[in-house]
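The values are calculated or read from the model by the stated rules, or taken from the named source; none is laboratory data. Remember, predicted model here, so these are calculated numbers, not experimental data. A quick note on method: Cβ atoms are made from the backbone with ideal geometry, for glycine too, and the neighbour counts reach across all protein chains shown. Only protein heavy atoms, including side chains, enter the accessible area calculation; ligands, DNA and RNA are left aside. Shrake-Rupley method; radii C 1.70, N 1.55, O 1.52, S 1.80 Å.
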Amino acid sequence: MQKAIPKTPLIEFRSVTKTYGTGAATVHALAGVDLVIERGEFVAIMGPSGSGKSTTMNVIGCLDVPSTGQYLFQGVDTGTLSRNQRTRLRRHFLGFVFQGFNLLARTTAVENVELPLIYRGLAPVERRKLAIKALERVGLGGRIDHGSSELSGGQQQRVAIARAIVTSPRVLLADEPTGNLDTKTSREIMDLIVSLNRDQGITVVMVTHEADIAAYARRVIRFVDGRIDSDTVNREAA
Amino acid sequence: MFFETLKLAVQAIRRNALRSVLTVLGIVIGVGAVIAMVTIGNGTTAKVTADLAKLGTNLLSVNPGQFGPGRASSEAKPFNYRDVEAMKQQLLGARAVAPLAQKTATVIYGTENRSTTVIGTSNDYFLTQDWDLSAGRTFLDGEMRGGRAVCIIGETVRSKLFGREAPVGRSLRVGSVACEVIGVLQAKGQSSFGSDQDDVVIMPIRTLHRRLAGNTNISRIFVSAKNGGETAKVQRDIEWLLRERRKIAPGKEDDFSVHDMKQILQATAGTTAMLTGLLGAVAAVSLLVGGIGIMNIMLVSVTERTREIGIRLAIGALESQVLMQFLIEAVALSVFGGILGVILGLSLALLATMALGVPFIVSTGIVLVAFAFAALVGVVFGYFPARRAARLDPIEALRHE
């Protein structure tokens, strides 16, 4: 992967559209979105369901490609990349946290965290070292060998975050990271994400529909009907 | 990377231990059947071949009548003593000429009795069959000429009737005749055709004729050619001699037949080998069925683990890595089944060969072939489900409940 050229935005959408289906059943998930996210930002994406926020996440995460327009990641047009190249991009630069945690069943915490490193081809010893470090970073240093069913929801989400950051990604993509958690645990998880953004300089892009969760972000983008409705800076956020 | 994938596959198999075992059952049975069939077949062929080697004395079997479709051998007249004498004197290439008359009779010793084959013949019989005694002696000339009530018994008769007792010198009742046992034959085991050759009582031919049969018919003559002698020449001489003795006009067909025992056994060996191949092929079909079982379960597995596949793809697994994971899982399953199948097949073959009394010969070749075929079945039938897993859309897969 090439070095990032200074001044090139980390994430740049140029009139991105995304349509599903054909004919009368056509759905315009994204109807021309221009967006720039710089390194180190903490962005919350909000909006009602069907507004295009999830599609935006999928495009940023290289899980999906625009129908028209361009998505540039560090200046590279991802539309020109093959499926495998996009996978490699995810592998090296992106970390995912899902609403449903999505840990592998009957697999210990440390094995879950090691997973992305396996695909990167790291040696077992080094892998385990990095995985334990990531688990310590999210405050689960004492539970590395617990199976995911033995962990609480908050702990599972911490494992998922550890799995996302173990590869030292540029961007952490969080899709409703607190959607399945109670208020107290949600706060703990958000504090963790904020500290990752502040202390480690990981760019965070988070989808949420809860205003109090979005309040942790310094920038809030609202989607309505596949378009950006508002893009505001939240000065109160840490 | 390969070992990681293998580890993942083994994990996945162990998570569903029962299902995995049931899945590979088809492969186990397939591989087991192929190996058992071929091993048993090879043992039988080896036994026939060994019998063939034992017939080193170029044995010819002379029978009255012609065998074959539309020909009744019973119509032809049997041989007589003079035929045998003439053959002994005139066949220069012959080493031994043994007349044969057979009858089934009940033999009784003490409280034990058994129905067995009684053969009337001469000492030449032991030469033609390459059969030695384990105890006692063969017939004396006087016993042969006088038709004395003496007999030599086979190993099966000895063990069933005499048990631990020494039989030589004892009196054995054969049918209605009280017979002195003068010798015991060495154990020979089953014939190539599956009968117990040791279940026999042998007595001088005149004894059998006079006391048991009530006629002087000779139903068969064994002739063994001299070592290095030409069997074909001896065969022609026998034919010429018998045509003359039986007064067959030129141009008319023989009313007797001369067979080279070696040819008969060779034909048997050929048939056995062909049957082995055929049974092996039938067994191989069950391997194929086992492969379909694996494909079925792998497809179920892919559907079940759609979400897991989505996670893997999202966090950086390449299509090829997911493909490999599922392919290796299928191959690991089938190889596991193959190992169980080899164990099962060899155990079955061991039991069967012991029961049939044929040697247990493990052919490394067929074990390897069956095993490799099982692995190949895994690759072929695992590929389709694995490709399906690899091509999943991660977004869809993650949304899958």
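Treating each Cα of the protein assembly as shown as one equal point scatterer and applying the Debye formula with no solvent, the log10 of I(q)/I(0) at q = 0.06, 0.10 Å⁻¹ comes out as -0.57, -0.94.
Starting from the 7 Å offset along Cα-to-Cβ, what nm value, one decimal, do you get for the label separation of B:N113 and A:R227? Rounded to a tenth, the inter-label distance reads 11.4 nm. Between B:R391 and B:T364, the modelled labels are 4.2 nm apart [label points 7 Å from Cα along Cα→Cβ]. Dipole size of the protein assembly as shown about its Cα centre, with +1 on Lys/Arg Cβ and -1 on Asp/Glu Cβ: approximately 1060 debye, rounded to the nearest 20.
Short-range pairs are left out: with C-alpha atoms under 8 Å and at least six residues apart, the relative contact order of chain A is 27 percent.
Assuming R0 = 30 Å, can you tell me the calculated FRET efficiency for the pair B:E230 and B:L133, based on Cβ-Cβ distance, to the nearest 0.05? Mind dumping the intermediate values first?
Working: r = 30 Å, r/R0 = 1.01.
Between B:E230 and B:L133 the formula returns 0.50.
Of all DSSP-defined beta bridges confined to the protein assembly as shown, some 70% are antiparallel rather than parallel. Under a Cβ-only charge scheme (Lys and Arg +1, Asp and Glu -1), can you give me the dipole magnitude of chain B about the Cα centre, in debye to the nearest 20? Dipole of chain B, to the nearest 20 debye: 680 debye.
Across the range B:33-54, no residue has a backbone nitrogen under 12 Å from the label position 7 Å along the beta-carbon direction of B:M354.
For the range B:77-254, what's the relative contact order in percent, using C-alpha pairs closer than 8 Å and at least 6 residues apart? Don't skip to the answer; put the middle values down first.
Values: 340 pairs, mean separation 57.2, N = 178.
RCO, the range B:77-254: 32 percent.
Against the criterion of solvent-accessible heavy-atom surface with a 1.4 angstrom probe, A:D175, B:D51, A:D34 sort, most first, into A:D34, A:D175, B:D51.
Using the Cβ-Cβ distance between B:Q186 and B:L22 with R0 set to 56 Å, the FRET efficiency from 1/(1 + (r/R0)^6) comes to roughly 0.65. Projecting the Cα atoms of B:Q325, B:T121, B:V302 onto the charge dipole of chain B, computed from C-beta unit charges around the Cα centre, puts B:T121 farthest toward the positive end.
On a per residue basis, chain A carries 44 Å² of accessible surface, using protein heavy atoms and a 1.4 Å probe.
The residues B:R148, A:R120, A:R39, sorted by heavy-atom accessible surface at 1.4 Å with ligands and nucleic acids left out, run B:R148, A:R39, A:R120 from largest to smallest. Could you compute how fast the range A:12-233 diffuses translationally, taking Rh as the Kirkwood radius over C-alpha pairs and applying Stokes-Einstein at 10 °C with viscosity 1.306 mPa s? Give it in µm² per second. Approximately 89 µm²/s, per Stokes-Einstein. Contact order, relative form, for chain B: 30 percent (alpha carbon pairs under 8 Å, 6 or more residues apart, mean separation divided by residue count).
In straight-distance terms, cross-link reach from A:K18 covers every one of the lysines whose alpha-carbon lies under 16 Å from its own, apart from those fewer than eight places away in the same chain; here that gives A:K53.
From other protein chains only, count the Cβ atoms within 10 Å of every residue's Cβ in A:115-122, then give the mean. List each step's numbers first, then the result.
Working: counts 7, 5, 3, 10, 10, 2, 3, 1.
The mean count of partner-chain Cβ atoms within 10 Å per residue comes to 5.
Could you size up the charge dipole of the range B:160-312 around its Cα centre, putting +1 on the beta carbon of Lys and Arg and -1 on that of Asp and Glu, and report it in debye to the nearest 20? Display every interim value, and only then the final one.
On the way: 21 positive and 15 negative charges, 82 e Å.
Charge dipole, the range B:160-312, about its Cα centre: 400 debye, nearest 20.
Residues of the range B:270-289 with an amide N closer than 19 Å to a point placed 7 Å from the Cα of B:L376 along the Cα-to-Cβ direction: B:277-289. Rolling a 1.4 Å probe over the protein heavy atoms leaves A:S152 with an accessible area of roughly 60 Å². Share of carbon and sulfur in the accessible area of the protein assembly as shown stands at 56%, probe radius 1.4 Å.
Using a 10 Å cut-off on Cβ to Cβ distances, tally the other chain neighbours for every residue of B:290-296 and report the average as a whole number.
Numbers: counts 0, 0, 0, 0, 0, 0, 0.
What the average comes to for B:290-296 is 0.
Across peptide B:2-9, the mean count of Cβ atoms from other chains lying within 10 Å of each residue's own Cβ comes to 2. FRET efficiency for the A:R14 to B:I339 pair, using the beta carbon distance and R₀ = 45 Å, is estimated at 0.20.
The range A:139-198 and the range A:15-61 have Cα centres spaced 25 Å apart. Scalar couplings 3J(HN,Hα) for the range B:156-171, obtained by applying the Karplus form with A = 6.51, B = -1.76, C = 1.60 to θ = phi - 60°, are 5, 4, 4, 6, 6, 8, 9, x, 8, 6, 7, x, 5, x, 7, 9 Hz; x denotes Gly and Pro. The range B:334-390 and the range B:198-231 have Cα centres lying 49 Å from one another.
May I ask for the net charge around A:G142, where only other residues with Cβ less than 15 Å from the Cβ of A:G142 are counted and Lys, Arg are +1 while Asp, Glu are -1?
+1
A:R227 exposes around 130 Å² of accessible area when a 1.4 Å probe is run over every protein chain in place.
Hey, rough spin-label estimate for B:F3 and B:R170, points 7 angstrom out along Cα→Cβ, what's it come to in nanometres? Distance between the two pseudo-spin positions: 6.8 nm. Taking both sides together, the accessible area buried where A meets B is about 2300 Å² for a 1.4 Å probe. Within the assembled protein chains, the solvent-accessible surface assigned to B:K252 is about 130 Å², based on a 1.4 Å probe.
When B:R137, A:R163 are compared by accessible area at a 1.4 angstrom probe, the order from most to least is B:R137, A:R163.
Per residue, the solvent-accessible area of chain B (1.4 Å probe, heavy atoms of protein chains only, all protein chains present) comes to 47 Å².
Long hydrophobic helices in chain B, taken as whole DSSP H segments with a C-alpha length of 24 Å or more on their own axis and mean Kyte-Doolittle hydropathy at least 0.5: B:17-54, B:261-304, B:319-356, B:364-390.
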